[in-house]
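J.: I have a structure I would like to understand better, so I am pasting it below and will then ask my questions one at a time.
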């Protein structure tokens, strides 16, 4: 008779107590073309597993066999090239209508809430004075009916779909490397939904700017992100303007508006005076030089913080980029005046005057500082226009400091958190010689012995997104409601598309791993394996040819081999086995919690202990309140799992997902 062994209620905290301290310990790798994996002591299957760990969102059942059959080098070349058939993915994505919309169509179909309210007031559906007084239910219904009549949808629905398609792509696509790189480059050129002005432009930014250019020339990424309305609005370059001698510049326009405002005031026309005063303020705002983008394109996108530029270079670069703005789909004040001017005068005539209009991008010559500038020692003569901005961005993209900065960032992503300097220099040399061709830099990296060394294998910690994706891929899960996974990814600490800083999420393990994060990671594993995430289905028995293991110990051995392929599992199983049955864990946790308080993580500001700061004893330091709360959560999941057909399997698989071994890639 098969045994159905229960895992203790305190499973989640138990795993943390026994495993947190091992998170950053070097894993044991045993064993030994163009890829020098044999010199590192790896077998072909181990090397295939390493490629999959680094360049996909996780191995699905049968993936290692497939890579070995194709050949490691050929598989990597296919992934670099992309374009593999993705019929299943395309069918899933067909539900997202915005994927075929232009920016203007997206903005009009998914308007900002404030725009909806203004439209309702304008149409007389609601009173401006009663916006905050109207019955909320009736108010929302009026807005809903108006949007329905105008074929509009709530903007939040757009963001949910954006997140859902990202999850579906990562889980399903056959072009895994392109999807990994899309995530990497979006994070590098980060924009955030938290900034309302740019939010509606983010879906097309990822679709049209990032995704098609992930293995191409780096200068294309720099130029196209610079011209994207999402980036122009996010880092405020759309409003940056300077004086352009001899052209209808903001300075002259401002003088006229000031005179009109004064004349209206003299005539005691309060309404007209107020109107011109507002226009004067808009003109003043439009006139100012904004250095935000110029600074970030040097510090974060190209040269790096130690790239050799000065504050003077930032100011001069900002002057070069004045006039780079948007062709607006929404009301952006003074920018709309330029659009009306283009429509009135005609693009051909304005093009002869130096204006450039390409889709959602507009170079407004009358807002461009056409004086002489010097950036990084290069002179941009007076009288320049759009072309000097292109030349500046290409100069930054091709700079030797950029080659080192980008090569190091790629090595951190795909090798380890502290990549060898020799590898970075080799990649940077390729970057320069191949004019920033990203695929060539990656080929240099993967053909280097450092990529295959013991110091690189499984030395990267998965982000919450990577953990969730590798989990569903490992279990061959069926996903019908991807947004449900996002709620867990967010709970584990990664609110995708909402990261406010232009730096993007840090790509080092210590940022992701602390006691609170591990609690949520353990609970995620238990919830997924126990079929408690709505719209995400797994068939654990099918993974084992419909054979139920005889015991929890047997299940741990069988499923560890499936989910942690080509690894020496001796130490892993030895570490996890005691967690299957320890009735004293609750009291141990309570005793530890009473002794001391958690260590303050000053760097991250989380109030929790980061893994690299903890000793084995420190890992047990969870406050009584936290321990009680998490214990209740664990009780809920365990009791839920008891109602499933095979609770033991769910519990064991949950342990594996929550283990440090699975959370490394």
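The values are calculated or read from the model by the stated rules, or taken from the named source; none is laboratory data. All figures in this text were calculated on a predicted structure; none of them were measured in a lab. Here the Cβ positions follow ideal geometry from the backbone for every residue, glycine too, while neighbour counts run over all protein chains shown.
J.: Name the one entry in 255, 222, 215 that is modelled with pLDDT of 95 or more and either surrounded by fewer than 19 Cβ atoms within 10 Å (Cβ to Cβ) or part of a helix (DSSP H, G or I) (or both).
T.: On inspection, the qualifying residue turns out to be 222.
Residues checked against (1) touching a helix residue (DSSP H, G or I) at 6+ places or on another chain (Cβ under 6 Å); (2) buried (at least 22 other Cβ atoms within 10 Å of the Cβ); (3) outside any helix (DSSP H, G or I):
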{"residue": "490", "(1), (2), (3)": "no, no, no"}
{"residue": "500", "(1), (2), (3)": "no, no, yes"}
{"residue": "504", "(1), (2), (3)": "yes, no, yes"}
{"residue": "511", "(1), (2), (3)": "no, no, no"}
{"residue": "516", "(1), (2), (3)": "no, no, no"}
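J.: Now a separate question. For residue 268, are the conditions met, namely being modelled with pLDDT under 95, crowded, with 21+ Cβ neighbours inside 10 Å and outside any helix (DSSP H, G or I)?
T.: No.
J.: Please go through the range 69-89 and pick out each residue that is in contact with a helix residue (DSSP H, G or I) (Cβ under 7 Å, 6 or more places away or on another chain) and under 21 Å from residue 444 (Cα atoms).
T.: Once the filter is applied, which keeps residues that are in contact with a helix residue (DSSP H, G or I) (Cβ under 7 Å, 6 or more places away or on another chain) and under 21 Å from residue 444 (Cα atoms), the range 69-89 yields 72, 75, 76, 79, 80, 82.
J.: Go over the candidates 522, 562 one by one and state the one that is in a helix (DSSP H, G or I), within 20 Å of residue 64 (Cβ to Cβ) and in the same structural domain as residue 491 (by TED's automatic domain parsing).
T.: Result: 562 is the single residue among 522, 562 that is in a helix (DSSP H, G or I), within 20 Å of residue 64 (Cβ to Cβ) and in the same structural domain as residue 491 (by TED's automatic domain parsing).
J.: Go over the candidates 209, 191 one by one and state the one that is buried (at least 23 other Cβ atoms within 10 Å of the Cβ) and closer than 16 Å to residue 503 by Cα.
T.: Exactly one of 209, 191 is buried (at least 23 other Cβ atoms within 10 Å of the Cβ) and closer than 16 Å to residue 503 by Cα, namely 191.
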